[in-house]
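In what follows, a structure is listed as structure tokens, so that the remarks can point back to it.
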Amino acid sequence: MKRVFSVENRMLVERYRQALEDAGIPCQLRNEFLGGGAGELPVNEVWPEIWVADEDEQRARTLLQELKAREADPGPDWTCPRCGETLGGQFDACWNCGALRTEE
Ligand SMILES: [Zn+2]
């Protein structure tokens, strides 16, 4: 097994794990239950970690890099076709009226 990802944010770890499994890469989460005892240990030793099989490591790393790149660059703002609200590129639906983003 290889560790491919570790971050303090459990929501992020869970999201990335889901993305990997959606891509057909089985993952194992480690340290996910240790967060509460962080006082005694160096903080980054208890961050949740994603581990994958050795043969999946390269694919997993590539996929995670793509995910991170996408989050760092959410794309341009867009305007809701229904209510005219301006929305950030990371959103797929209007928070104001619930309309889905349409292809431009
Ligand atoms: Zn709207």
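Brief remarks on what is shown
- Positions within segment 69-81 being away from the ligand (no atom under 13 Å from the Cβ), touching a residue at least 12 places away in the same chain (Cβ under 8 Å) and not in a loop (DSSP other than H, G, I, E, B), in sequence order: GLU71
- When the residues of segment 85-99 are filtered to those that are part of a loop (DSSP other than H, G, I, E, B) and more than 6 Å from the ligand (Cβ to nearest atom), the one that is nearest to LEU67 (Cα to Cα) is GLN90.
Residues checked against (1) open to solvent by 80 Å² or more (accessible area, probe 1.4 Å); (2) touching a Pro at 6+ places or on another chain (Cβ under 7 Å); (3) modelled with pLDDT of 95 or more; (4) not in a loop (DSSP other than H, G, I, E, B):
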{"site": "GLU8", "(1), (2), (3), (4)": "yes, no, no, no"}
{"site": "MET11", "(1), (2), (3), (4)": "yes, no, no, yes"}
{"site": "LEU20", "(1), (2), (3), (4)": "no, no, yes, yes"}
{"site": "GLU32", "(1), (2), (3), (4)": "no, yes, no, no"}
{"site": "ALA38", "(1), (2), (3), (4)": "no, no, no, yes"}
{"site": "GLU57", "(1), (2), (3), (4)": "no, no, yes, yes"}
{"site": "LEU67", "(1), (2), (3), (4)": "no, no, no, yes"}
{"site": "CYS83", "(1), (2), (3), (4)": "no, no, yes, no"}
{"site": "GLU104", "(1), (2), (3), (4)": "yes, no, no, no"}
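The values are calculated or read from the model by the stated rules, or taken from the named source; none is laboratory data. Here the structure is a predicted model, which means the values were calculated and not measured. Glycine also receives a Cβ, built like all others from the backbone with ideal geometry; neighbour counts cover every protein chain displayed. Side chains are part of the model used for accessible areas, which takes the heavy atoms of the whole protein and leaves out ligands, DNA and RNA. Shrake-Rupley method; radii C 1.70, N 1.55, O 1.52, S 1.80 Å.
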